[in-house]
1. Tell me, which residue of segment 120-134 that is loosely packed, with under 13 Cβ neighbours inside 10 Å and within 40 Å of the chain's Cα centre (by Cα) is modelled with the lowest pLDDT?
2. Can you confirm whether residue 179 is of a type in the set (Asp, Glu), touching a Pro at 6+ places or on another chain (Cβ under 7 Å) and either modelled with pLDDT of 90 or more or part of a helix (DSSP H, G or I) (or both)?
3. Please determine whether any residue of segment 103-119 is closer than 30 Å to residue 3 by Cβ, at pLDDT 80 or above and touching a Gly at 6+ places or on another chain (Cβ under 8 Å).
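The values are calculated or read from the model by the stated rules, or taken from the named source; none is laboratory data. Predicted model only: the values in this text are computed from it and were never measured. Cβ atoms come from the backbone with ideal geometry, glycine included; neighbour counts cover every protein chain shown.
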Amino acid sequence: MPLRSMTGFAQVKGELINQAEGRASLPSPSSLSPATQGNGHLGFALSLKSVNHRFLDLHFRLPSGSDSLEMQLRRLLKEKMARGHVEVTLSLERGGGETLALNRPLVSAYIAAFRAASAEFSVAAEPDLNSVLRIPGALDSAKDPEDGALEGAVMACVGEALDRLNQMREQEGRGIEQELRVRMAHLREAVKTVQLHRRTVLQSYVERLQSRLQELLGASVDRERMLQEAALLVDRSDIQEEIVRLENHVQHFLGLLDEHGEVGKKLDFLLQEMNREANTLLSKTSGLAGEALKITEAGLVMKAEIEKSREQVQNLE
């Protein structure tokens, strides 16, 4: 599976042409204006919108009475997607010849409750008809589709919507992959710079320690013992281990990019490890002057590249 971003949007429109048969048709891209051109036809628009999220987080905005449809859509999306906050919206578009019926029990109950509250609290008011008719379910279609007809029509179109969504997510993923490879190249250059100046820093440590010990102990210092203690301290301050780990992490990172698939979490974990190594490297070389400053500069470049990479990886599936 190609590398995918978690950001994308897709919409398909269909029409319930024959309500008795429950057939659906997808208009051509040039006819994606309202899908209800014929009188009495029921059109719909299915939209999928996804953004980044740690897990797969599905949200549905469907007409009332669509519980069965929601379960089918949820099951399908879990099979096709791994991560992301996904909003699924289904809107109905009725034809010009469609008639609406008043939901009398619902409207009557609302008006009765309104007037009861008005009398109880001694507030002189009358219900507004415009507000009443905006209540969900106050107006019902006189020609609702047969049971399962709309559900079947939508499920026939959802595959097309998922394909379009994934095409956009894959296109975004290719851009992120290119950006990450550039960042890893910069990170490798910074690691090479640190490796180049490592021996100079070690020599700087030895000279600094010799000078400090002679200052503290005077001429009576045992030179051999002083060198042994200096060697131990320098060994603990050596950054070779961090350099090797950074190089390995970068190689592993590029290998995961080559594998593609759902690697976002793995890449994010590797970047956290790289950041720890860069912090350790900077702490070991802090306070040194001269050539060591070049290592500090390279370490700051590492951290900047790692942070920029994390911003991109956060949006990968």
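1. To start, the set of residues in segment 120-134 that are loosely packed, with under 13 Cβ neighbours inside 10 Å comprises 120-126, 128-131, 134.
Still in the running and within 40 Å of the chain's Cα centre (by Cα): 131, 134.
Working: 131: 85, 134: 80.
Only one residue fits best here, namely 134.
2. Answer is no for this residue.
3. Keep residues of segment 103-119 that are closer than 30 Å to residue 3 by Cβ, which gives none.
No.
Residues checked against (1) in a helix (DSSP H, G or I); (2) within 30 Å of residue 261 (Cβ to Cβ):
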| position | (1), (2) |
| --- | --- |
| 125 | no, no |
| 130 | yes, no |
| 160 | yes, yes |
| 166 | yes, yes |
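Condition check ((1) within 25 Å of the chain's Cα centre (by Cα); (2) closer than 19 Å to residue 156 by Cα; (3) at pLDDT 90 or above) across all residues:
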{"position": "57", "(1), (2), (3)": "yes, no, yes"}
{"position": "72", "(1), (2), (3)": "yes, yes, yes"}
{"position": "82", "(1), (2), (3)": "yes, no, no"}
{"position": "100", "(1), (2), (3)": "no, no, no"}
